[in-house]
1. Going by the conditions given, is S76 under 24 Å from P127 (Cβ atoms), modelled with pLDDT of 95 or more and not in a helix (DSSP H, G or I)?
2. Out of everything in the stretch 163-177 that is part of a loop (DSSP other than H, G, I, E, B) and more than 22 Å from G36 (Cβ to Cβ), what residue ends up being most open to solvent (accessible area, probe 1.4 Å)?
3. When you scan the stretch 22-46, how many residues do you find that are open to solvent by less than 30 Å² (accessible area, probe 1.4 Å) and without any contact (Cβ under 8 Å) to a residue 24 or more places away in the chain?
4. Step by step: first the residues of the stretch 134-162, then only those that are more than 20 Å from D81 (Cβ to Cβ) and free of Cβ contacts under 8 Å to residues at least 24 places away in the same chain, then the one that is surrounded by the most Cβ atoms within 10 Å (Cβ to Cβ). Which residue is that?
5. Out of the stretch 47-88, which residues are touching a residue at least 24 places away in the same chain (Cβ under 8 Å) and open to solvent by 30 Å² or more (accessible area, probe 1.4 Å)?
6. Could you pull out the residue among S96, S116 that is under 15 Å from the mean Cα position of the chain (by Cα) and closer than 18 Å to W195 by Cβ?
7. Taking the criterion of being over 25 Å from A146 (Cα atoms), outside any helix (DSSP H, G or I) and among the aliphatic types (A, V, I, L, M), would at least one residue in the stretch 34-51 satisfy it?
8. Of T83, T106, T111, which residue is in a loop (DSSP other than H, G, I, E, B), at pLDDT below 95 and over 26 Å from L14 (Cβ atoms)?
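The values are calculated or read from the model by the stated rules, or taken from the named source; none is laboratory data. Bear in mind the structure is a predicted one, so any value in this text is a computation, not a measurement. A quick note on method: Cβ atoms are made from the backbone with ideal geometry, for glycine too, and the neighbour counts reach across all protein chains shown. The area values use the complete protein model at the heavy-atom level, side chains included, leaving out ligands, DNA and RNA. Shrake-Rupley method; radii C 1.70, N 1.55, O 1.52, S 1.80 Å.
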Amino acid sequence: SFAKTSPSLVDQQLWGTEKCLSAAKIFHEFENSVFGRDFWCSFEDIRPWVASGNFFYAAVLKRGRFAQMSIRSVASVLIVDTTSRDGLIGGKLRESELAPISLSQTSTNPTFYYSSLILAEPWHIVPLFRTLLENIYRRRLTESLAIDSAFSISCGEKGLAHLRKSGFEQTTEPRYMGKYDIMVLNRETARVAFWRRLLLGMASSFHTSLVG
């Protein structure tokens, strides 16, 4: 159980995709407040994602006064249509215009978009990644999706360092909005267990290191 991960989690909870998306508006507002103007979008922009089955989310929340829960850390991964990915990399689309893959689309391969990571505590990343891995792998088993690549947008030096450690590499294309590096990953460059398991289908063990 999550509580066994750390003795300091007595007053905290781990939420997976289903529970997070049931409160999607709250998490959307939280991410807008953290990432700021350049990544701001309306809830209507993400509504198709919430209903798509291609939006995976994990969060650590802390119980406060009067049993209110506050968001501490979040991580999210989307399964994206490669056509819209290429549009973003080429400067034709904004992040909020990325489209989820449709099962009716047979001409393009799906790819992962590593959408967000916000950590109140560094060690939160392990339970977040474990939850995402379980949720995503369950969907891939259900629909036999073969995904061998991922991409992300780097926000700041810490974000860039995290992505590089994971095996993401900078593209040769212009930066997103002229400011942010667009990073790509494949089976050969993936360095950490979380991404190796997603791209290679290795989900036999969720209890070994996912980030190193």
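1. yes
2. Filtering the stretch 163-177 down to residues part of a loop (DSSP other than H, G, I, E, B) leaves 167-168, 171-175, 177.
Subsequent filtering for residues that are more than 22 Å from G36 (Cβ to Cβ) retains 167, 171-173.
Working: G167: 2, T171: 35, T172: 139, E173: 88 Å².
Ranking the candidates gives T172 first.
3. Going through the stretch 22-46 one residue at a time, the tally reaches 4.
4. L160
5. Passing the criteria: P48, V50, S52, G53, K62, R63, M69, I71, R72, T83, R85.
6. On the way: S96 fails: closer than 18 Å to W195 by Cβ.
Matching residue, one of S96, S116: S116.
7. no
8. Details: T83 fails: in a loop (DSSP other than H, G, I, E, B); T111 fails: in a loop (DSSP other than H, G, I, E, B).
Step by step, each of T83, T106, T111 is checked, and only T106 is in a loop (DSSP other than H, G, I, E, B), at pLDDT below 95 and over 26 Å from L14 (Cβ atoms).
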